[in-house]
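Throughout, read-outs are computed from the coordinates displayed, never taken from laboratory work. No experiment lies behind these values; they were computed from the predicted model shown. Counting neighbours? That spans all protein chains shown, and the Cβs are built from the backbone with ideal geometry, glycine included.
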Amino acid sequence: MLVGKIIERFVKPETFRHLKKKYLKIKYLFTKKIDENEFRNILIKRLNVKKNSVVFVHSSIDNLNLSFPFYKVLTILLEVVGEEGTIVFPCWHFNYRAEEYLNKNKIFDVKKSPTVMGILPEIARHFKNAKRSLHPTNSVVAVGKHANELVKDHHKSIYPDDENSPFYKIINYDGIIIGLGVSTNHLSFVHCVEDVLKDKFPIKTRTDKVYKGRVIDYTGKEQIVRTLVACKQIKNRDIEGYIKKYVSRSICMDFKIHGVKYFTVMSTELFKTMENLAKNNITIYKVKKYIDIKSIFIFN
């Protein structure tokens, strides 16, 4: 087990984040910074981002070690995909359990609620013609040609990641999913197969209770959006390990450049692979094995 993972188990989340930032600041003093030209090359040659692509981006600016201003990252992404392409980001607005948020009866304002998913999604939601989905717990923001089509139906299903969601809809465009400064442990797309298969998925991942979320839409009107939330046991998962063991590197791959984490995913192929694996009871979740103590002993 890596030292970082050990530390994470024994300190508060905010303390761990603070320590991680300190560590990265020191580490990057001795690591080559990435300039704009190299960043473009990484996008095109290593992450497979092409003109006209629909690209779902997971990111951490703090981890990228850039030599240029961070706000240029979104501009570069849009330049690479061009006018016919679309960039998509996760854009939810709280960082604790969904049922806790929904039980507080808070209001999600699609135009005003800031995201907690990082600086790039926050910049994107302010971008001209950006479209943000009305889902009260799993909101997504998109910029580009297919932005409206990707987000418009997200609130119409109680399953946050099913066929109505932007997470799944990128398949319709043979979408690419990339990680900038993060590994596939941040890959939200893996939950699509769970919500598409529903009861046919071998592990229960959604609660039975349907929650009601309060949402202010783009017209300023309040809507009630019904949604399921994730079961607590889905924390016991290993996305990176699952991908390394069961998924071809031509479909999904983690890698590092100058010590910085990246990943690239072909959405259509990964969904098909995960669906087939799920039908054979192979998932990203670790099944806890309990030992029957009584069976160890022989009683006369």
Exercise. Sort 153-164, 186-197, 134-145, 37-48 for me by packing, meaning the mean count of neighbouring Cβ atoms within 10 Å per residue, highest on top.
Key: 134-145, 186-197, 153-164, 37-48
Quiz item: Residue by residue through region 41-54, which ³J(HN,Hα) values in whole Hz follow from phi under the Karplus form 6.51 cos²θ - 1.76 cosθ + 1.60 (θ = phi - 60°), with glycine and proline marked x?
Solution: 5, 5, 4, 7, 8, 9, 9, 6, 7, 10, 4, 6, 5, 9
Exercise. Please get the size of the charge dipole for region 31-285, origin at its Cα centre, with Cβ charges of +1 on Lys and Arg and -1 on Asp and Glu, quoted in debye to the nearest 20.
Key: 320
Quiz item: Hey, what's the Kirkwood Rh for the chain if you take every pair of different alpha carbons, in angstrom?
Solution: 20.5
Practice problem: Once you have a ≥ b ≥ c as the square roots of the Cα gyration tensor eigenvalues for region 146-300, tell me rounded if a/c is under 1.5, and otherwise prolate or oblate according to whether a/b is larger than b/c. | Solution: oblate
Quiz item: Given H placed on each backbone N at 1.01 Å, which residues far from V140 in sequence or on other chains put an amide H within less than 5 Å of it?
Solution: C91, S133, H135
Exercise. Return the calculated 222 nm mean residue ellipticity for the chain, to the nearest 500 deg cm²/dmol, obtained by summing -39500 (n - 2.57) across DSSP H runs with n ≥ 4 and dividing by the residue count.
Key: -8000 deg cm²/dmol
Quiz item: Which distance in Å, rounded to a whole number, links the C-alpha centroids of region 200-250 and region 85-102?
Solution: 11
